[in-house]
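Inspection log for the structure reproduced underneath, given as structure tokens.
FYI, it's all coordinate maths here, none of it is from the lab. Computed from a prediction, not measured in an experiment: that's the story for all the values here. With ideal geometry, Cβ positions are generated from the backbone for all residues, glycine too; neighbour counts draw on all protein chains shown.
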Amino acid sequence: MIDRELWGEVWQVLKANRLRTLLTASGIFWGVFILIVMLGFGNGIQSGVNKSMAGYATNALYMWGRATTRPWQGLPPGRELRLTNEDTAALQSRVAGIDTLAPRLRLARFRGRSDVVHGSKVTDAEISGDTPAYQNVLPMTFRHGRFINQLDIKQKRKVAVIGERIHRDLFGDDVNPVGQQIQIRQISFTVIGVFQPRRYGSNRERMESLVITPLSTFQQVFSYGEEIGFYAMIPDTGLRSESVAAEMRQVLMQRHRVDPTDYRAFGDWNSETEFLRIERLFVGIRAFIWTVGLATLLAGVLGVSNIMMIAIRERRREFGIRKSIGATPRSVLTMILAETTTLVGVSGLLGLFAGLLALFVVDFLTRPITKSVDADVLFDTPTIDLKIALAAIVALGVASLLATLIPARHAMKIDPVEALRAE
Amino acid sequence: MIDLSGISKSYQMGQHRVHALREINLQIQPGEFVAIQGSSGSGKSTLLNVLGILDTPDTGSYTLDGHAIENLSTADAARYRNRFIGFVFQSFNLIHHKSALDNVALPLYYQRVARKQRNLKALEYLEHVGLKDRADHKPSELSGGQSQRVAIARALITQPALLLADEPTGALDTSTSEQIMNLFHEVNAQGMTVVLVTHEPDIAAQAHRSIVLRDGDIVSDRTRDAARHNISDHDSDPVNHS
């Protein structure tokens with residue numbers, strides 16, 4: 001049905017109406033181009049954000065004790081709440097839905113540092129007391145040695161896992177420090193491992209500067225007794241961390257005799273909420289992109305239909321002539337549809353290629369930033385699902401054909417007598 | 001060649017019904033050169049459209065070259081037009097975005113002749129009408145006479161049995177008209193049946209047979225015996241009234 005001869009005719013017509021062809025084509029071109037570029041950017045931003053969040057448990061919840069704000073059972077407000085090992089045991093036995101409960105302690109205030117000594121070298125580090133469970137909260141790999149294990153906890157061993165910068169500053173990068181001694185507040189710890197988080201993200205400097213000791217050892221040697229600083233908790237899969245947190249709060253309130261409505265007595269921070277917020281943001285961005293992209297495409301389709309309608313009216317006489325010298329109605333219809341297909345197909349594909357090229361250029365220019373190790377830009381290589389892109393173009397073609405069918409059927413029925421009479 | 005019997009055609013014009021053709025009976029033999037005359041509204045264009053299978057009559061039968069022309073599908077009508085009939089119009093009706101060559105070749109496109117062959121043939125026909133050197137020109141770059149000669153080449157390229165011309169010289173000056181008429185005489189001399197509609201008596205006078213229409217009726221049908229090419233002083237000499 002569609003042969004070389006027909007393309008010859010189509011090409012002649014499109015060439016003869018250069019301006020009209022260009023205007024129609026540019027409508028389609030921009031529609032596809034914008035859709036591709038926007039989808040690419042959407043994907044780029046999403047994978048950038050995903051990359052920056054990779055390496056964190058995305059549903060972790062942190063909870064710590066603060067002070068009561070209301071009187072309860074004869075106790076005054078303003079009472080400091082300190083978490084203890086007994087709380088840990090109670091939470092683990094009474095709250096269902098906890099996958100990981102990691103009790104933690106820090107030597108100084110939030111983000112505070114202490115000196116760490118090895119021989120004549122001194123550096124500063126964030127010192128924490130942790131249990132093996134912490135590995136679930138912060139996934140990590142080991143350049144040397146291992147993480148804290150249950151035996152370390154049980155025997156209150158004076159051992160430490162150190163971050164990369166501590167390793168570099170105290171021992172030098174190419175020295176295996178396992179078995180060496182470091183001193184924290186004049187207490188000696190044996191290095192058992194050098195860790196590296198699965199991904200550093202924006203906290204690289206802090207992560208590199210951690211020294212992790214067994215919680216039990218920490219409590220003993222730094223005189224914390226039974227105290228716990230805060231909990232890092234990961235719920236069982238399928239559960240919202242917030243709902244598990246509500247149960248934890250209930251248990252803790254009961255144990256510490258806190259008014260059940262005193263929500264400020266225990267603080268919490270929830271990465272899942274953040275994560276969900278970002279997820280929702282992406283759903284929004286995606287919907288926006290598709291709405292704008294499809295609206296642009298629809299405008300292109302309407303443009304095609306409109307221009308074909310005008311073109312067909314303008315060419316009434318031509319169709320009349322063609323019919324008088326032997327064009328069948330079907331061949332007229334075929335020719336018009338072939339013109340539309342060519343126009344939409346070629347400009348759509350050009351738009352696709354231009355869009356891909358634009359994304360490639362963007363990727364090429366941003367690569368130095370997005371691909372560096374400690375990149376903290378929320379953007380990564382913009383990608384396109386080619387299947388989706390091609391499907392969009394095919395849908396566009398079909399829509400254009402349908403939109404052209406109405407004026408084309410009209411052209412098919414042109415009465416040559418009528419068409420040739422006018423002048 | 002052509003056999004019309006009892007052809008009627010009427011149009012609805014507002015409140016009135018206009019009878020463009022009333023019970024027309026007409027036979028045209030192969031190789032005839034017939035002029036159809038009449039004032040505007042006499043039905044001559046309608047008759048031409050019926051002959052050209054562009055219009056279908058309300059009643060009556062039409063036989064063209066032994067083929068009954070009735071109840072044709074639009075596609076079949078298109079095929080008959082392409083195969084049997086060549087059209088020449090007053091306003092040339094060339095396709096403006098096509099070169100002279102492509103215009104002439106177009107009927108062969110609808111016969112599915114390959115481009116190379118049809119261009120070769122089109123060039124041959126352009127040469128025949130003396131416009132080989134204008135093959136690449138667009139209609140807008142041709143004079144009226146040249147345009148009409150291109151249109152004639154287009155009408156002839158399918159070697160139709162019947163050449164239908166609607167006021168072919170209506171838009172041309174006298175000397176150009178003469179060239180065009182000479183072309184008609186030439187193809188008629190080679191045996192092609194020519195039917196031309198005109199309201200100009202001196203053009204009609206060049207035909208072998210002259211039919212006058214008035215209000216949809218044939219009021220006169222005269223055949224002259226004079227040599228077809230030599231018409232100068234004998235035009236008012238009707239013979240053999242049928």
(Q) I'd like to know which of B:His128, A:Met309, A:Ala133 lies farthest towards the positive end of the charge dipole of the protein assembly as shown, counting +1 on Cβ of Lys and Arg and -1 on Cβ of Asp and Glu. (A) A:Ala133
Q: Once you have all Cα-Cα distances for the protein assembly as shown, histogram them in 10 Å bins from zero and send the whole-percent values.
A: 3, 12, 15, 13, 9, 7, 6, 6, 7, 7, 7, 5, 2, 0, 0
Q. Suppose every K and R has +1 on its Cβ and every D and E has -1 on its Cβ; what is the size of the dipole of the protein assembly as shown about the Cα centre, in Debye to the nearest 20?
A. 2900
Q) Hey, with R₀ at 25 Å, roughly what FRET efficiency would A:Val346 and A:Ala16 work out to, going by the Cβ-Cβ distance, to 0.05? A) 0.95
Q) Quick one: length gained pulling A:Arg82 to A:His410 fully straight, 0.36 nm per residue minus the C-alpha distance? A) 109.7 nm
**Q.** Signed unit charges on C-beta, dipole axis of the protein assembly as shown, positive-most listed residue A:Pro77, A:Ile36, B:Phe89
**A.** A:Pro77
Q. So how tilted is helix B:144-156 from the main axis of chain B? Cα-based, degrees 0 to 90, rounded to 10.
A. 80
Q. Once the other residues with Cβ under 11 Å from the Cβ of B:Leu21 are scored (Lys, Arg +1; Asp, Glu -1), what is the net sum?
A. -2
Q: Calculate, for B:Gln12 and A:Thr273, the FRET efficiency according to 1/(1 + (r/R0)^6) with r their C-beta to C-beta distance and R0 51 Å; round to the nearest 0.05.
A: 0.10
Q.
Give the aspartates and glutamates whose C-alpha is closer than 17 Å to that of A:Lys413, dropping any in the same chain fewer than 8 places away, or say none.
A. A:Glu314, A:Glu318, B:Asp55, B:Asp76
Q | Among beta bridges that DSSP assigns inside the stretch A:100-236, antiparallel share in %, nearest 5 | A | 75
Q) Among bridges DSSP assigns within chain B, what percent are antiparallel (round to 5)? A) 55
Q: State to the nearest 20 debye the size of the charge dipole of the stretch A:100-236 about its Cα centre, where the only charges are +1 on K and R beta carbons and -1 on D and E beta carbons.
A: 20
Q. So how far apart, in nm, are the two label points at A:Asp99 and A:Thr291 if each is 7 Å from Cα heading toward Cβ?
A. 3.4
Q. In peptide A:237-247, what is the residue-averaged number of other protein chain Cβ atoms found within 10 Å of each Cβ?
A. 0
Q.
Counting other C-beta atoms within 10 Å, and keeping those with at most 14, which DSSP coil GluC sites (Glu not before Pro) do you find in the stretch A:215-258?
A. A:Glu226
Q: Give, in nm to one decimal, the length gained when the segment between A:Arg255 and A:Leu402 is fully stretched (0.36 nm per residue of separation minus the Cα-Cα distance).
A: 45.8 nm
Q) By the scheme Lys and Arg +1, Asp and Glu -1, what is the net charge of all other residues having a beta-carbon under 11 Å from that of A:Glu279? A) +1
Q. If amide H atoms are built 1.01 Å from N in the plane of the peptide, which residues on other chains or at least 5 residues away come under 5 Å of the amide H of A:Ile98?
A. A:Asp236
Q. Can you give the FRET efficiency for A:Ser26 and B:His199, using 1/(1 + (r/R0)^6), R0 = 41 Å, r = Cβ-Cβ distance, to the nearest 0.05?
A. 0.25
Q | Share antiparallel - DSSP beta bridges, the protein assembly as shown, percent rounded to 5 | A | 70
Q: Mind giving me the nanometre distance, one decimal, between the label points for A:Phe282 and A:Leu386, set 7 Å out from Cα along Cα→Cβ?
A: 2.3
(Q) Test of understanding: what is the full-extension gain from B:Gln117 to B:Asp76, defined as 0.36 nm times their sequence separation minus their Cα-Cα distance? (A) 12.3 nm
